[in-house]
Amino acid sequence: MLMSRILEDKLASLYRAGRLVGGVYLGKGQEAYSAALGCQLTKGKDILGTFIRDQAARIAWGEPLLDAFRTYFGSVLGPMRGRDGNVHRGRPKEGLPAMISHIGSMTGVVAGMLFARRLQGRLGDAVGVVTIGEGGTSTGAFHEGLNLAAVEKLPLIMAITNNQFSYSTANSRQFACENLIDRAKGYGVDGYTVDGTDLVECLRVVSTAVRRAREGHGPQMIVASLLRLSGHGEHDDASYIPDAMKQSSVGRDCMVVAEQRLIAEGWGTAAEVESWRAECRSAIEKTMAQVTKEPAPDPFKESWRALSTPELAEGMWLE
Amino acid sequence: MSLTYLEAIREAQYEALRKNPNVFLYGQDIGGFGGAFKATKNLQNEFPGRVFDAPISEDAMVGMAIGAAIEGAHPILEMQFADFSSVGFNQVVNQAATLYWRTNTPCPITIRLPSGGTAGSGPFHSQSMEAIYAHYPGLVILTPATVEDAYWMLLDSVECQDPVIFCEHKFLYYHLKSESFGNRELPIGKARIARPGRHATVVTYSAMLHESIRAAEELQADGYQVEVVDLRSVKPIDTDTILASVARTGRLLCVGEAFPWGGVTAEVLARVATEAFHLLDAPPQRLNSKDTPIPYHPNLWKAHRPTVASITDALRRLLRD
Ligand SMILES: Cc1ncc(C[n+]2csc(CCOP(=O)(O)OP(=O)(O)O)c2C)c(N)n1
């Protein structure tokens, strides 16, 4: 989570300096929960279906920093080769499907990956995590996907982050139930709530849900409450978030909470945390220095072909 | 023995399941019930654990098929009616169609769309969706018009590593019969001269092939030999075969059952106009359904879609020019 925060601060400053094209969407304030999800998963075995604020989960799962920088900078050596950018990246064959923008639509995809593995007899005790915001729970895709996963009793963890706002829309305009977790019963899945600002609590709850899924108890739904500590994207000043909410317990910064706890419990010292920060910064600078030297995509070298079967592409008639 | 178009679809799925252990079938009511049209009759018994009933969740069904394809499976999805695929549209055009291009991961899925009009089916059980899907890069759109093509092209779809939208025509399900499935003669993307001629070319596909052939037969009495080209695949379109036919005849009518704005017929005319304007002896023509939703009552339905009579009229006008 430390790496995620430092990386995202870097991305924010690159955005402000005009060095990144397109949008920048950050997970500041969500790192504890996100990292807890990622570190419960094993790369090469489990599936991580991300949303836009999962930098910490990606790192904890094992996505290399290189993939992040290469996608932001559009390097041809990256997994998306300049064809898609920023958080729209992944390596589907390795268990990290590359999210499309349409909210909710990764649910069915992760369900299908688990379904196929079970069909092929190689699911083992692997699980798939799907992350989504509270706003995303209003989509049909979320409902259809979770219901399908529940009908199939798939080991899917539906990790909802209630960060109080969907872009600028407050929860009162997003859903009418008292607490989103009440929906778990309606889907016939186990439900958990957690204080998303508290790393230790996140680890406890997420590990329980992941274990239950591994043990064959079907989909698990978690709702973590916290506050988004940035704009929706870096273009957004989030002036619609009331100060009182920022001051309240939901507005705590999970990084500060985790660091204080760590030091109070004697799990580490302030000096150690500082040295971890320095390590993160140097890894980030090194990666960025490498990526900024890499070739950008060249329209003359692009295949301009959307099908994997060359004979079926008919671009020449359409240009 | 005679085999129907619907039996061809069932038998092709049987064969796909038999040959390829990665194939599975997913769709509403397709298990024990055998599907709304019985296109999967008995398959669940014959292939236990590989034919699944789906919830009424077209979005999640397509999403799950994409996920399964990532893991090396080849799902065949049945949409109960092509019309309902609109609910899964997002997953088809934004997820399936972009997967290979974005991530270099092929997306081998086949989505069967029971398409087109039959009398009494009304606005929401009659649609032809091929043009909508063809608009998006990253999809292959097949529109078989014969029993043989229904069989072989469905098997071709399951061999294809790209997402295939398989538009099978409900009107042909029971009407169309053949003695056998024949042989695999043409690959995906190749059109077929269904009826040779030299005075005019009709380019068409799916159920309209049969109406067009009948129209061509009527005109034979007047001494006209009309060539009929069956596109078979609307994406890719076999432009070469179309142009070669127009080069022979100098006259083009393109017939489709779908709505008239844009679409396959407009695409064919655009290609002929841009590539072969100099070969045309008369302005190219097209004929589609009317620009309203598809009506329920047979009297209205028959007048909404192109018919032998309206195709014959259009051809007479074309030949007079
Ligand atoms: C289907 C769809 N509609 C709209 C959008 C535009 N959009 C992107 S993020 C977002 C807000 C999402 O809110 P939430 O799900 O609560 O997640 P958060 O951003 O708060 O983490 C919206 C409306 C989208 N990406 N997909």
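Rounded to the nearest 20, the size of the Cβ-charge dipole of chain B about its Cα centre is 400 debye, with Lys and Arg at +1 and Asp and Glu at -1. Restriction of the trypsin sites (Lys or Arg not before Pro) in the range A:230-319 to DSSP coil positions whose beta-carbon has at most 16 other beta-carbons within 10 angstrom yields A:Lys293, A:Lys301, A:Arg305. Taken about its Cα centre, the range B:3-178 carries a charge dipole of roughly 140 debye when the Cβ of each Lys and Arg holds +1 and the Cβ of each Asp and Glu holds -1. Restricting the chymotrypsin sites (Phe, Trp or Tyr not before Pro) of the range B:119-152 to loop positions (DSSP other than H, G, I, E, B) with no more than 13 neighbouring Cβ atoms within 10 Å leaves B:Phe124.
With the cut-off at under 20 Å, measuring from each backbone N in the range A:48-65 to a point 7 Å along the Cα-to-Cβ line of A:Ser13 picks out A:55-56, A:65. Proximity of backbone amide H atoms, modeled 1.01 Å from N, is registered between B:Lys235 and B:Ile141 at under 5 Å, excluding neighbours fewer than 5 places apart on the same chain.
What the Cα atoms of the protein assembly as shown give is an Rg and a Dmax of 27.8, 99 Å. Annotation: the antiparallel percentage among DSSP beta bridges lying fully within the range A:57-204 is about 35. Each of B:Val308, B:Leu280, B:Ala244 was placed along the dipole of the range B:192-320 (beta-carbon charges, centred on the mean Cα), and the one lying farthest toward the positive end is B:Val308. Residues whose amide H lies under 5 Å from that of A:Gly191, counting only those 5 or more places away or on a different chain, are A:Met221; hydrogens are built 1.01 Å from N in the peptide plane.
As a length-normalised measure over Cα pairs under 8 Å and 6 or more apart, the relative contact order of chain B settles at 16 percent.
With the contact rule set at Cα under 8 Å and sequence spacing of 6 or more, what percent relative contact order holds for the range B:192-320? Write down the numbers at each step before the final one.
Values: 231 pairs, mean separation 36.6, N = 129.
Once normalised by length, the contact order is 28 percent.
Normalised by 2.2 N^0.38 Å, with N the number of residues, the alpha-carbon radius of gyration of the range B:89-169 equals 1.15.
Could you give the DSSP H helices of chain A that reach 27 angstrom or more along their long axis (alpha carbon positions) and whose average Kyte-Doolittle hydropathy is no lower than -0.5? Long hydrophobic helices here: A:270-292. Normalised by 2.2 N^0.38 Å, where N is the number of residues, the alpha-carbon radius of gyration of chain B equals 0.98. Close amide H pairs (under 5 Å, H built 1.01 Å from N) link B:Ala194 with B:Val228, B:Val229, B:Asp230, residues at least 5 positions away or on another chain.
Among B:Phe24, B:Phe47, what is the fewest-to-most ranking by other Cβ atoms within 10 Å?
By the 10 Å Cβ count, ascending: B:Phe47, B:Phe24.
For the segment A:87-98, counting C-beta atoms of other chains within 10 Å of every residue's C-beta and taking the mean gives 4.
Kirkwood hydrodynamic radius computed over the range A:1-156 comes to 15.9 Å, based on all pairs of distinct alpha carbons. With Cα atoms defining each centre, the range B:123-147 and the range B:24-75 are spaced 20 Å apart in the structure. When both the range A:9-44 and the range A:154-177 are represented by their alpha-carbon centers, they are found 19 Å apart.
Helices in chain A, meaning DSSP H runs of at least 4 residues, each add -39500 (n - 2.57). Divided by all residues, the mean residue ellipticity at 222 nm is -12500 deg cm²/dmol. For the range A:89-188, applying the loop criterion from DSSP together with a ceiling of 16 other beta carbons within 10 Å to the GluC sites (Glu not before Pro) yields A:Glu178. Of the residues A:Ile263, A:Ile160, A:Ile181, the one that moves most in a GNM of chain A with alpha-carbon contacts below 10 Å is A:Ile263.
Pairwise Cα distances in chain A exceed 32 Å for 29 percent of all pairs.
Summing charges over neighbours of B:Ala134, with a neighbour being any other residue whose Cβ is under 12 Å away from its Cβ, gives -2 when K and R count +1 and D and E count -1.
Estimated translational diffusion coefficient (Stokes-Einstein, Kirkwood radius over Cα pairs, 20 °C, 1.002 mPa s) of the range B:39-158: 141 µm² per second. Averaged over the residues of A:139-152, the number of partner chain Cβ atoms lying within 10 Å of the residue Cβ comes to 5.
Here the contact order of the range A:1-140, divided by its residue count and restricted to Cα pairs under 8 Å and six or more residues apart, works out to 23 percent. All Cα-Cα distances of the range B:192-320, cut into 10 Å bins from zero to the largest, leave 14, 48, 31, 6, 0 percent in each bin in turn.
Only the coordinates and a few stated rules stand behind these numbers; no lab work does. The structure displayed is predicted, hence computed values, not measured ones. Note: ideal-geometry Cβ built from the backbone for every residue, glycine included; neighbour counts use all protein chains shown.
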